[in-house]
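Take a look at the structure below.
The values are calculated or read from the model by the stated rules, or taken from the named source; none is laboratory data. What you see is a predicted model; the values in this text were computed from it and never measured. Neighbour counts run over all protein chains shown; Cβ positions are idealised from the backbone, glycine included. Just so you know, the surface numbers come from the protein's heavy atoms only, side chains and all, with ligands and any DNA or RNA stripped out. Shrake-Rupley method; radii C 1.70, N 1.55, O 1.52, S 1.80 Å.
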Amino acid sequence: MKPAPLTPAPADAGQRRAVPPVICYPTDTLPRPDLVAYRALRGGLTVTERITVPARDAACWTVPAGHFFRIRCEDGPQVGDLNLFHAANLNERFYSGKTRALNGTHLGVGDQMFSAFPYLRPMATITHDTLDWYGFDAFGGAVHDVIGTRCDPYTHALLSGGQYHHCCHSNLTRALARHTGLPPEDAARHVHDVLNVFMCTGFTRDTGQYFMKASPVRPGDYLEFFAEIDLLGCLSACPGGDCSAEHSSDAATCHPLVVEVLRPERAPEGWTPPALSRYDGSHGL
(Lines give C-alpha, C1' and ligand atoms only; values in the text may rest on other atoms or scores of the structure.)
Protein backbone atom coordinates (compact mmCIF):
# COMPACT_ATOMS: atom_id res chain seq x y z
CA MET A 1 0.00 0.00 0.00
CA LYS A 2 1.44 3.35 -1.02
CA PRO A 3 1.85 5.81 1.92
CA ALA A 4 0.97 9.49 1.73
CA PRO A 5 3.78 11.11 -0.28
CA LEU A 6 6.55 12.96 1.54
CA THR A 7 8.24 14.20 -1.63
CA PRO A 8 6.77 17.18 -3.52
CA ALA A 9 5.69 16.33 -7.06
CA PRO A 10 8.11 17.63 -9.73
CA ALA A 11 6.95 20.08 -12.37
CA ASP A 12 6.70 17.31 -14.98
CA ALA A 13 4.83 14.85 -12.74
CA GLY A 14 1.82 14.75 -15.04
CA GLN A 15 4.00 14.06 -18.05
CA ARG A 16 5.76 11.19 -16.29
CA ARG A 17 2.47 9.64 -15.18
CA ALA A 18 1.08 9.89 -18.70
CA VAL A 19 3.74 7.59 -20.18
CA PRO A 20 1.79 4.68 -21.71
CA PRO A 21 2.31 1.18 -20.28
CA VAL A 22 4.23 -1.59 -22.05
CA ILE A 23 3.10 -5.21 -21.71
CA CYS A 24 5.96 -7.05 -19.97
CA TYR A 25 5.46 -10.38 -21.74
CA PRO A 26 4.00 -10.00 -25.24
CA THR A 27 2.43 -13.38 -25.98
CA ASP A 28 2.26 -13.23 -29.77
CA THR A 29 4.80 -16.07 -29.98
CA LEU A 30 3.42 -18.07 -27.03
CA PRO A 31 2.26 -21.49 -28.27
CA ARG A 32 -1.49 -21.67 -27.79
CA PRO A 33 -3.65 -24.77 -27.39
CA ASP A 34 -6.09 -25.78 -30.10
CA LEU A 35 -9.10 -25.04 -27.96
CA VAL A 36 -11.53 -26.08 -30.69
CA ALA A 37 -9.96 -29.58 -30.74
CA TYR A 38 -10.12 -29.83 -26.95
CA ARG A 39 -13.72 -28.68 -26.71
CA ALA A 40 -14.77 -31.04 -29.49
CA LEU A 41 -14.27 -33.90 -27.00
CA ARG A 42 -16.54 -32.50 -24.30
CA GLY A 43 -19.65 -34.29 -25.53
CA GLY A 44 -18.10 -37.74 -25.04
CA LEU A 45 -16.54 -37.55 -21.58
CA THR A 46 -16.89 -40.40 -19.08
CA VAL A 47 -16.49 -39.77 -15.35
CA THR A 48 -13.85 -42.18 -14.01
CA GLU A 49 -13.50 -40.80 -10.49
CA ARG A 50 -15.39 -38.45 -8.22
CA ILE A 51 -13.69 -36.93 -5.18
CA THR A 52 -15.38 -34.95 -2.43
CA VAL A 53 -13.25 -32.24 -0.84
CA PRO A 54 -14.65 -31.77 2.68
CA ALA A 55 -15.46 -28.28 3.94
CA ARG A 56 -12.45 -26.69 5.68
CA ASP A 57 -10.23 -29.52 4.46
CA ALA A 58 -8.43 -30.70 1.32
CA ALA A 59 -8.10 -33.77 -0.89
CA CYS A 60 -5.79 -35.08 -3.64
CA TRP A 61 -6.43 -36.89 -6.90
CA THR A 62 -4.53 -37.87 -10.07
CA VAL A 63 -5.37 -37.14 -13.70
CA PRO A 64 -3.66 -38.89 -16.64
CA ALA A 65 -2.37 -36.67 -19.43
CA GLY A 66 -5.08 -36.26 -22.05
CA HIS A 67 -7.94 -36.50 -19.54
CA PHE A 68 -10.12 -33.73 -18.15
CA PHE A 69 -11.06 -32.76 -14.62
CA ARG A 70 -13.74 -30.48 -13.24
CA ILE A 71 -14.01 -28.64 -9.93
CA ARG A 72 -17.70 -28.40 -9.08
CA CYS A 73 -19.80 -26.37 -6.68
CA GLU A 74 -22.66 -28.58 -5.49
CA ASP A 75 -23.97 -27.67 -2.04
CA GLY A 76 -23.51 -23.89 -1.80
CA PRO A 77 -21.15 -20.99 -2.61
CA GLN A 78 -17.58 -22.08 -1.86
CA VAL A 79 -14.11 -21.17 -3.10
CA GLY A 80 -11.15 -23.53 -3.44
CA ASP A 81 -7.37 -23.24 -3.46
CA LEU A 82 -5.76 -25.45 -6.12
CA ASN A 83 -2.22 -26.85 -6.23
CA LEU A 84 -0.99 -28.90 -9.20
CA PHE A 85 2.07 -31.16 -9.46
CA HIS A 86 3.53 -33.51 -12.03
CA ALA A 87 2.21 -36.84 -10.80
CA ALA A 88 5.69 -38.39 -10.79
CA ASN A 89 7.74 -35.35 -9.73
CA LEU A 90 6.58 -33.00 -6.96
CA ASN A 91 9.32 -30.55 -7.89
CA GLU A 92 7.45 -29.74 -11.09
CA ARG A 93 4.58 -27.74 -9.68
CA PHE A 94 2.27 -24.91 -10.64
CA TYR A 95 3.94 -21.50 -10.96
CA SER A 96 1.23 -18.93 -10.29
CA GLY A 97 3.51 -15.90 -10.78
CA LYS A 98 4.58 -16.85 -14.29
CA THR A 99 1.06 -17.98 -15.15
CA ARG A 100 -0.14 -14.52 -14.05
CA ALA A 101 2.56 -12.78 -16.10
CA LEU A 102 1.59 -14.72 -19.24
CA ASN A 103 -2.21 -14.74 -18.85
CA GLY A 104 -3.25 -11.94 -16.50
CA THR A 105 -4.48 -11.72 -12.93
CA HIS A 106 -7.54 -13.96 -13.43
CA LEU A 107 -7.72 -17.08 -15.58
CA GLY A 108 -10.38 -18.10 -18.08
CA VAL A 109 -11.11 -20.43 -20.97
CA GLY A 110 -8.02 -21.05 -23.12
CA ASP A 111 -5.56 -19.98 -20.42
CA GLN A 112 -2.88 -22.46 -19.38
CA MET A 113 -1.33 -23.14 -15.97
CA PHE A 114 2.47 -23.27 -16.25
CA SER A 115 4.93 -25.26 -14.16
CA ALA A 116 7.89 -23.89 -12.23
CA PHE A 117 11.48 -23.54 -13.37
CA PRO A 118 13.34 -25.35 -14.82
CA TYR A 119 10.37 -27.10 -16.45
CA LEU A 120 8.15 -24.17 -17.52
CA ARG A 121 5.55 -25.91 -19.64
CA PRO A 122 1.74 -26.02 -19.65
CA MET A 123 0.36 -28.35 -17.00
CA ALA A 124 -3.36 -27.81 -17.61
CA THR A 125 -5.60 -25.82 -19.95
CA ILE A 126 -8.93 -24.34 -18.91
CA THR A 127 -11.54 -25.65 -21.35
CA HIS A 128 -14.84 -24.52 -19.80
CA ASP A 129 -15.99 -22.08 -17.12
CA THR A 130 -19.63 -21.60 -16.16
CA LEU A 131 -18.69 -18.27 -14.51
CA ASP A 132 -17.14 -16.76 -17.64
CA TRP A 133 -20.14 -14.40 -17.83
CA TYR A 134 -18.89 -12.51 -14.74
CA GLY A 135 -15.97 -10.69 -16.38
CA PHE A 136 -14.67 -7.72 -14.33
CA ASP A 137 -17.16 -5.94 -12.08
CA ALA A 138 -17.35 -2.25 -11.15
CA PHE A 139 -14.87 -2.79 -8.30
CA GLY A 140 -12.31 -4.44 -10.57
CA GLY A 141 -13.15 -7.88 -9.20
CA ALA A 142 -13.09 -11.10 -11.21
CA VAL A 143 -13.04 -14.84 -10.51
CA HIS A 144 -10.27 -17.51 -10.58
CA ASP A 145 -7.30 -15.36 -9.56
CA VAL A 146 -3.58 -16.07 -9.54
CA ILE A 147 -2.72 -13.10 -7.33
CA GLY A 148 -3.61 -14.37 -3.86
CA THR A 149 -1.20 -16.79 -2.26
CA ARG A 150 -3.49 -18.99 -0.03
CA CYS A 151 -4.57 -18.40 3.55
CA ASP A 152 -1.88 -19.75 5.85
CA PRO A 153 -1.12 -20.16 9.58
CA TYR A 154 1.99 -17.97 9.45
CA THR A 155 0.18 -14.84 8.27
CA HIS A 156 -2.66 -15.65 10.67
CA ALA A 157 -0.18 -15.76 13.56
CA LEU A 158 1.49 -12.56 12.34
CA LEU A 159 -1.74 -10.59 12.23
CA SER A 160 -3.66 -12.10 15.15
CA GLY A 161 -1.14 -14.01 17.22
CA GLY A 162 -3.37 -17.07 17.16
CA GLN A 163 -2.87 -20.64 16.01
CA TYR A 164 -5.19 -21.81 13.21
CA HIS A 165 -4.77 -25.16 11.46
CA HIS A 166 -7.60 -25.29 8.91
CA CYS A 167 -6.36 -22.54 6.62
CA CYS A 168 -5.69 -23.61 3.04
CA HIS A 169 -1.90 -24.01 3.44
CA SER A 170 -2.37 -26.44 6.32
CA ASN A 171 -5.27 -28.20 4.58
CA LEU A 172 -3.12 -28.76 1.49
CA THR A 173 -0.20 -29.91 3.65
CA ARG A 174 -2.29 -32.55 5.42
CA ALA A 175 -3.83 -33.82 2.17
CA LEU A 176 -0.46 -34.01 0.39
CA ALA A 177 1.12 -35.78 3.37
CA ARG A 178 -1.72 -38.34 3.43
CA HIS A 179 -1.54 -38.93 -0.32
CA THR A 180 2.26 -39.22 -0.65
CA GLY A 181 3.27 -40.55 2.75
CA LEU A 182 5.64 -37.61 3.21
CA PRO A 183 6.20 -36.26 6.72
CA PRO A 184 4.08 -33.11 7.20
CA GLU A 185 7.15 -30.85 7.36
CA ASP A 186 8.29 -32.15 3.95
CA ALA A 187 4.82 -31.97 2.43
CA ALA A 188 4.50 -28.36 3.60
CA ARG A 189 7.57 -27.37 1.58
CA HIS A 190 5.87 -28.58 -1.61
CA VAL A 191 2.66 -26.59 -1.04
CA HIS A 192 2.73 -23.52 -3.28
CA ASP A 193 0.81 -20.47 -4.43
CA VAL A 194 -2.56 -21.41 -5.82
CA LEU A 195 -5.22 -20.86 -8.40
CA ASN A 196 -8.07 -19.43 -6.33
CA VAL A 197 -10.96 -21.30 -7.94
CA PHE A 198 -14.32 -19.43 -7.83
CA MET A 199 -12.83 -16.70 -5.59
CA CYS A 200 -13.78 -13.13 -6.59
CA THR A 201 -10.87 -10.76 -6.04
CA GLY A 202 -9.12 -7.66 -7.28
CA PHE A 203 -7.13 -4.62 -6.14
CA THR A 204 -8.69 -1.52 -4.62
CA ARG A 205 -8.42 1.49 -6.91
CA ASP A 206 -7.29 3.91 -4.16
CA THR A 207 -4.80 1.87 -2.09
CA GLY A 208 -3.99 -1.05 -4.40
CA GLN A 209 -4.86 -3.57 -1.68
CA TYR A 210 -5.85 -7.12 -2.52
CA PHE A 211 -9.56 -7.58 -1.83
CA MET A 212 -12.08 -10.40 -1.89
CA LYS A 213 -15.85 -10.32 -2.12
CA ALA A 214 -18.69 -12.82 -2.12
CA SER A 215 -18.12 -15.36 -4.86
CA PRO A 216 -20.80 -15.50 -7.58
CA VAL A 217 -20.48 -19.31 -7.71
CA ARG A 218 -23.66 -21.33 -7.21
CA PRO A 219 -24.50 -25.06 -7.15
CA GLY A 220 -24.05 -26.47 -10.64
CA ASP A 221 -21.14 -24.19 -11.58
CA TYR A 222 -17.81 -25.74 -12.47
CA LEU A 223 -14.35 -24.99 -13.83
CA GLU A 224 -13.01 -27.56 -16.31
CA PHE A 225 -9.40 -28.36 -17.20
CA PHE A 226 -7.55 -30.53 -19.73
CA ALA A 227 -4.49 -32.27 -18.27
CA GLU A 228 -1.50 -31.58 -20.51
CA ILE A 229 0.75 -33.86 -18.42
CA ASP A 230 0.13 -36.53 -15.76
CA LEU A 231 -1.14 -34.50 -12.82
CA LEU A 232 -1.50 -34.73 -9.07
CA GLY A 233 -4.11 -32.21 -7.96
CA CYS A 234 -4.66 -30.99 -4.43
CA LEU A 235 -7.62 -28.75 -3.55
CA SER A 236 -8.61 -27.04 -0.31
CA ALA A 237 -12.20 -25.99 0.39
CA CYS A 238 -11.30 -22.63 1.94
CA PRO A 239 -12.45 -21.98 5.53
CA GLY A 240 -13.68 -18.61 4.29
CA GLY A 241 -16.58 -20.27 2.46
CA ASP A 242 -17.58 -17.86 -0.30
CA CYS A 243 -15.06 -15.30 1.09
CA SER A 244 -17.76 -12.67 1.62
CA ALA A 245 -16.40 -11.73 5.05
CA GLU A 246 -13.08 -13.31 6.04
CA HIS A 247 -10.92 -16.33 5.48
CA SER A 248 -9.24 -18.57 8.08
CA SER A 249 -12.55 -18.61 9.96
CA ASP A 250 -14.49 -21.19 11.93
CA ALA A 251 -17.58 -18.98 11.72
CA ALA A 252 -18.03 -18.72 7.94
CA THR A 253 -20.53 -21.03 6.26
CA CYS A 254 -18.51 -23.58 4.28
CA HIS A 255 -19.42 -26.33 1.83
CA PRO A 256 -17.62 -29.29 0.26
CA LEU A 257 -16.36 -29.13 -3.32
CA VAL A 258 -16.41 -32.00 -5.80
CA VAL A 259 -13.72 -32.98 -8.30
CA GLU A 260 -14.54 -35.17 -11.29
CA VAL A 261 -11.91 -36.88 -13.44
CA LEU A 262 -13.18 -37.48 -16.99
CA ARG A 263 -11.86 -39.69 -19.78
CA PRO A 264 -12.41 -38.56 -23.39
CA GLU A 265 -13.16 -40.97 -26.22
CA ARG A 266 -9.87 -40.02 -27.89
CA ALA A 267 -7.04 -37.53 -27.70
CA PRO A 268 -7.52 -34.06 -29.19
CA GLU A 269 -6.61 -33.90 -32.87
CA GLY A 270 -2.86 -33.25 -33.20
CA TRP A 271 -2.24 -33.09 -29.42
CA THR A 272 0.97 -34.28 -27.76
CA PRO A 273 2.07 -33.64 -24.15
CA PRO A 274 4.17 -30.45 -24.00
CA ALA A 275 7.96 -30.75 -23.88
CA LEU A 276 10.10 -29.37 -21.09
CA SER A 277 11.64 -25.91 -21.45
CA ARG A 278 14.27 -25.67 -24.18
CA TYR A 279 16.60 -23.52 -22.05
CA ASP A 280 19.96 -25.27 -21.59
CA GLY A 281 20.32 -24.34 -17.92
CA SER A 282 23.86 -23.00 -18.19
CA HIS A 283 23.00 -19.48 -16.93
CA GLY A 284 25.98 -18.05 -18.79
CA LEU A 285 28.56 -19.96 -16.76
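Being buried (at least 21 other Cβ atoms within 10 Å of the Cβ), part of a strand (DSSP E or B), touching a residue at least 40 places away in the same chain (Cβ under 8 Å) and not polar (S, T, N, Q) is a property that His144 has. When you scan region 58-66, do you find a residue that is assigned to a helix (DSSP H, G or I) and open to solvent by 50 Å² or more (accessible area, probe 1.4 Å), even just one? No, region 58-66 contains no residue that is assigned to a helix (DSSP H, G or I) and open to solvent by 50 Å² or more (accessible area, probe 1.4 Å). When you look at Val63, is it among the hydrophobic types (A, V, I, L, M, F, W, C) and touching a Ser or Thr at 6+ places or on another chain (Cβ under 9 Å), yes or no? Here the answer is no, as Val63 does not meet what is asked. All of (1) among the small types (Gly, Ala, Ser); (2) modelled with pLDDT of 95 or more; (3) under 28 Å from Phe203 (Cβ atoms); (4) open to solvent by 50 Å² or more (accessible area, probe 1.4 Å) hold for Ala4 with one exception: (2). Within region 161-181, being open to solvent by 50 Å² or more (accessible area, probe 1.4 Å) and either within 17 Å of Thr149 (Cβ to Cβ) or modelled with pLDDT of 95 or more (or both) holds for His166, Arg174, Arg178, His179, Thr180, Gly181. The set of residues in region 238-266 being among the acidic types (Asp, Glu) and either in contact (Cβ under 8 Å) with a residue 40 or more places away in the chain or open to solvent by less than 20 Å² (accessible area, probe 1.4 Å) (or both) consists of Asp242, Asp250, Glu260, Glu265. One residue stands out in region 182-211 among those that are without any contact (Cβ under 8 Å) to a residue 24 or more places away in the chain and closer than 17 Å to Asp57 by Cα: the one that is most open to solvent (accessible area, probe 1.4 Å), namely Pro184. With the structure loaded, tell me whether Leu231 is crowded, with 21+ Cβ neighbours inside 10 Å, in contact with a Leu (Cβ under 8 Å, 6 or more places away or on another chain), of a type in the set (A, V, I, L, M, F, W, C) and over 30 Å from Gly162 (Cα atoms) or whether it fails that test. Answer is yes for this residue. Determine the pairs where a residue that is in a helix (DSSP H, G or I), located within region 1-18, has a partner that is not acidic (Asp, Glu) with Cβ atoms under 9 Å apart, the partner being 6 or more residues away or on another chain. Pairs found: Arg16/Pro10. Given the structure, is Leu276 closer than 17 Å to Ala59 by Cα and modelled with pLDDT of 95 or more? So Leu276 does not fit the description; no. Of the set (1) open to solvent by less than 30 Å² (accessible area, probe 1.4 Å); (2) not in a loop (DSSP other than H, G, I, E, B); (3) not basic (Lys, Arg), all apply to His128 but (1).
Applying the criterion of being hydroxyl-bearing (Ser, Thr, Tyr) and under 17 Å from Val53 (Cα atoms) to the residues of region 211-247, the residue that is nearest to the chain's Cα centre (by Cα) is Ser236. The set of residues from region 244-266 being modelled with pLDDT of 95 or more, in a loop (DSSP other than H, G, I, E, B) and among the hydrophobic types (A, V, I, L, M, F, W, C) comprises just one member, Cys254.
Quick check: is even one residue across region 267-285 open to solvent by less than 80 Å² (accessible area, probe 1.4 Å) and in a strand (DSSP E or B)? Within region 267-285, none of the residues are open to solvent by less than 80 Å² (accessible area, probe 1.4 Å) and in a strand (DSSP E or B). Taken as a whole, region 78-95 holds no residue that is over 19 Å from Arg189 (Cα atoms), within 15 Å of the chain's Cα centre (by Cα) and open to solvent by 30 Å² or more (accessible area, probe 1.4 Å).
Name the pairs whose Cβ atoms lie under 6 Å apart, with the first residue in region 98-126 and of a type in the set (Lys, Arg), the second at pLDDT 95 or above and open to solvent by less than 10 Å² (accessible area, probe 1.4 Å), and 6 or more positions between them or separate chains? Taking only residues 6 or more apart or on different chains, the pairs are Arg100/Val146; Arg121/Ser115. Among the residues of region 28-46, just one is among the hydroxyl-bearing types (Ser, Thr, Tyr), open to solvent by less than 70 Å² (accessible area, probe 1.4 Å) and out of contact with any Ser or Thr (no Cβ under 9 Å at 6 or more places or on another chain), namely Thr46.
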